[in-house]
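For reference, the structure is listed below as structure tokens.
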Amino acid sequence: MRAMIEPDCAKLAAIRGSAEDLQAIAEILGKHNPAHRADRSVARFGAQFHITIARATGNQVAVAFMESILDLLMERGRRVDSLKDEPEREIAEHEQIFTLITKGAAEKAEIAMHDHIISRAGFY
């Protein structure tokens, strides 16, 4: 289900995202890496990243869907936290997606989000 919705969210965020939306995503990413380096869980930041991208679309259905799976995102994130090198990969993928969104590279952001969701699917 995520692979059907979130790539379009990334695409729409690149097209519709306001400066405030982009700042909100940047703030989450700004907390993500330091938390990992401090050996703290980054599950919350990963989940917030995806929900905040949905908010940047301006589509309340997308936001409602993402918020409805928050517990699932958090559970998956806790699994990723415990795996060697996976938090770093997730953070790098989030940073790549965000860069594409901020550049307005809608189709590339869509593809990057799709690839990210598929690459993380095994952690559920």
Counted residues in the range 87-107 being under 23 Å from Glu27 (Cβ atoms) and more than 13 Å from the chain's Cα centre (by Cα) come to 6
Look at Gly46 and say whether it is within 22 Å of Ile111 (Cα to Cα), small (Gly, Ala, Ser), in contact with a helix residue (DSSP H, G or I) (Cβ under 9 Å, 6 or more places away or on another chain) and crowded, with 17+ Cβ neighbours inside 10 Å.
-> yes
Per the list (1) closer than 16 Å to Asp8 by Cβ; (2) surrounded by 17 or more Cβ atoms within 10 Å (Cβ to Cβ); (3) out of contact with any Leu (no Cβ under 7 Å at 6 or more places or on another chain); (4) in contact (Cβ under 8 Å) with a residue 24 or more places away in the chain, residue check on Val80 breaks on (1)
Here the residues within the range 86-124 that are among the charged types (D, E, K, R) and within 18 Å of Pro34 (Cβ to Cβ) are Glu86, Glu88, Arg89, Glu90, Glu93, Glu95
Checked Thr99, Thr52 against criteria (surrounded by 15 or more Cβ atoms within 10 Å (Cβ to Cβ), of a type in the set (S, T, N, Q) and modelled with pLDDT of 85 or more); the one match is Thr52
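The values are calculated or read from the model by the stated rules, or taken from the named source; none is laboratory data. Not measured: the values here are computed from a predicted model. Every residue, glycine as well, gets a Cβ built from its backbone with ideal geometry; the counts of neighbours run over all protein chains shown.
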